[in-house]
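Undergrad: One structure is given below, represented as structure tokens, and several questions about it will come after.
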Amino acid sequence: MRRHKNELNLLFNPDYDERLTAPPKERGFLVAADVRSARPLLSAHDSLDELELLAKTAGIEVVGRAVQHLQRIDPATYIGSGKVREVQEQVALLGADVVIFDDELAPNHQRELEKIFGETVKVIDRSALILDIFAQHARTREGALQVELAQYEYRLPRLTRQWTHLARQTGGGSGRSGNGGVGLRGPGETQLEVDRREIKKRIAKLKCELEAVRAHRSRHRVQRVRQGIPTVALVGYTNAGKSTLINALTDAKVYVADQLFATLDPTTRRLTLPGGKVVLISDTVGFIQKLPPTLIAAFRATLEEVSEADMIIHVVDAAHPHAAAHIETVEDTLAEIDVPRLPRILALNKIDLLPNGVPPLRGADRYAAIVPISAQTGVGIPHLIHEIERVLRESMLEIKMFVPYQRGDLLALIREQGVLDQAQPTPEGTYVRAHVPPRLAALLAEDKI
């Protein structure tokens, strides 16, 4: 419809430019605090470079930036009143309408800064920006639920008059009450109190829905184990090339773009290994430094795919100048969500962009294999597939157990998925010694099959 209207405009008005009808981009000013006692993985300036990429992904034009060097964070204004006045002047001079802080602001900092900058300039932080990008890129119902929950949990303690009626703005607006608003006010209630109560109700409902998603995933995982299909989870820093890699491995046709968080919703595809064994390759959400805790919590159901995998492929953009910091960020996040010490392969992607080869890496001993690849050109992909097969075979665990005769299905499962080393029959059943995949060993030990 819009295209037809624009064609008519061009027909009757040759000077018509469709771009003039598009809403103007927000103009952003970036602010970082360089605290001397902190030991970040990236310097303040490098972190602001990444924040600028995030802003561009969200559709914001960055017009300026500032770094404040501090001994400690200012308890009132985060960067100190003098620096705030300096930023105010720059914002007015450059015509910026949003100020973006590189770290998550505490609720009291958020309120004070909103008060200082006034109603004409928005104040947000890195967490709010990432949540906005996730909201734009969520395509499935599960992804939308997870982002909506993270948005509500982030905004609830920051609720001010500037943020009222959020229950009608976030997500699909399903937090409305029956009368079309956020609910009737009780005696003496402020609008903020009404909004807080409605948001808490919506958070509780979203958690129930996501718990159902989690239970559904858990049932599928048990079924996959019974079918003898190992799972390989792809993890990595955002824009490391995970989607390109899953396409190269399985012809999955996942959307690929050179931007942060181009894909959000998980994708799982089958891959047949050279020996004939079938594995499932699962792409997961990309990580980034300073990932909002609310987002990690909300994406627990998706991230459990990593925890419950049989193996992890950690994809790294080897051509990125901060590749080492990206590796540490991903490993720290995996530790934060309590991912067990699963066998891991480090896939050094984009080696076609490294004219002098792959530089040496620290901490290489934590990986079962390190494979240089180019998911874009296909270089190294056959070697990676070979290593997946080898590592899965070598990661099998020895089990010793008694299998009653009425549970012959367990003995068949062990034969299908592992290697039966010894089977000693007795009048009541069979004593078994075998090597099986770690996930099957865990389920057998917990008697969940």
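The values are calculated or read from the model by the stated rules, or taken from the named source; none is laboratory data. Just so you know, these numbers come straight off a predicted model, no measurement behind them. Cβ placement follows ideal geometry from the backbone for every residue including glycine, while neighbour counts extend to all protein chains displayed.
Undergrad: Take the residues of the stretch 221-232 that are surrounded by 13 or more Cβ atoms within 10 Å (Cβ to Cβ) and assigned to a helix (DSSP H, G or I): which is modelled with the highest pLDDT?
TA: The qualifying residue modelled with the highest pLDDT is Val222.
Undergrad: Would you say Val315 is within 20 Å of Ser243 (Cα to Cα), aliphatic (A, V, I, L, M) and touching an Asp or Glu at 6+ places or on another chain (Cβ under 6 Å)? Before the answer, list the steps.
TA: On the way: within 20 Å of Ser243 (Cα to Cα): yes; aliphatic (A, V, I, L, M): yes; touching an Asp or Glu at 6+ places or on another chain (Cβ under 6 Å): no.
So Val315 does not fit the description; no.
Undergrad: Mind listing whichever residues of the stretch 108-159 are closer than 30 Å to Leu93 by Cα, assigned to a loop (DSSP other than H, G, I, E, B) and aliphatic (A, V, I, L, M)?
TA: Val121, Leu159
Undergrad: Inside the stretch 276-388, counting only helices (runs of 4 or more DSSP H) that do not spill past its ends, which hold 2 or more residues that are of a type outside the set (Gly, Ala, Ser) and farther than 17 Å from Leu41 by Cβ? So that I can check it myself, show each step before the final result.
TA: Working: elements: 293-298, 300-307, 323-336.
Once the helices (runs of 4 or more DSSP H) in the stretch 276-388 are filtered for at least 2 residues that are of a type outside the set (Gly, Ala, Ser) and farther than 17 Å from Leu41 by Cβ, what remains is 293-298, 300-307.
Undergrad: Counting only residues that are touching a helix residue (DSSP H, G or I) at 6+ places or on another chain (Cβ under 6 Å) and among the hydroxyl-bearing types (Ser, Thr, Tyr), how many does the stretch 366-394 have?
TA: Looking only at that region, the number is 2.
Undergrad: Identify, please: which residue in the stretch 411-449 is among the acidic types (Asp, Glu) and at pLDDT 80 or above and is, among those, farthest from Asp310 (Cα to Cα)?
TA: The extreme case among them is Glu428.
Undergrad: Only one of these is buried (at least 16 other Cβ atoms within 10 Å of the Cβ), out of contact with any helix residue (DSSP H, G or I) (no Cβ under 7 Å at 6 or more places or on another chain), farther than 20 Å from Ala325 by Cβ and at pLDDT 85 or above: Ala58, Ala96. Name it. Write out each step before concluding.
TA: On the way: Ala58 fails: out of contact with any helix residue (DSSP H, G or I) (no Cβ under 7 Å at 6 or more places or on another chain).
Exactly one residue qualifies, and that residue is Ala96.
Undergrad: In the stretch 386-424, which residues are among the small types (Gly, Ala, Ser) and either surrounded by 15 or more Cβ atoms within 10 Å (Cβ to Cβ) or in contact (Cβ under 8 Å) with a residue 12 or more places away in the chain (or both)?
TA: First, the residues of the stretch 386-424 that are among the small types (Gly, Ala, Ser): 395, 408, 412, 418, 423.
Passing the criteria: Ser395, Gly418, Ala423.
Undergrad: What single numbered condition from (1) touching a Gly at 6+ places or on another chain (Cβ under 7 Å); (2) of a type in the set (A, V, I, L, M, F, W, C); (3) in a helix (DSSP H, G or I) fails to hold for Ala441?
TA: (1)
Undergrad: I would also like to ask the following. So the check is Cβ under 6 Å with 6+ separation or different chains; which pairs have a first residue in the stretch 335-358 that's in contact (Cβ under 8 Å) with a residue 40 or more places away in the chain and a second one that's among the hydroxyl-bearing types (Ser, Thr, Tyr)?
TA: Once the first residue is in contact (Cβ under 8 Å) with a residue 40 or more places away in the chain and sits in the stretch 335-358, its partners that are among the hydroxyl-bearing types (Ser, Thr, Tyr) give Pro343/Ser395.
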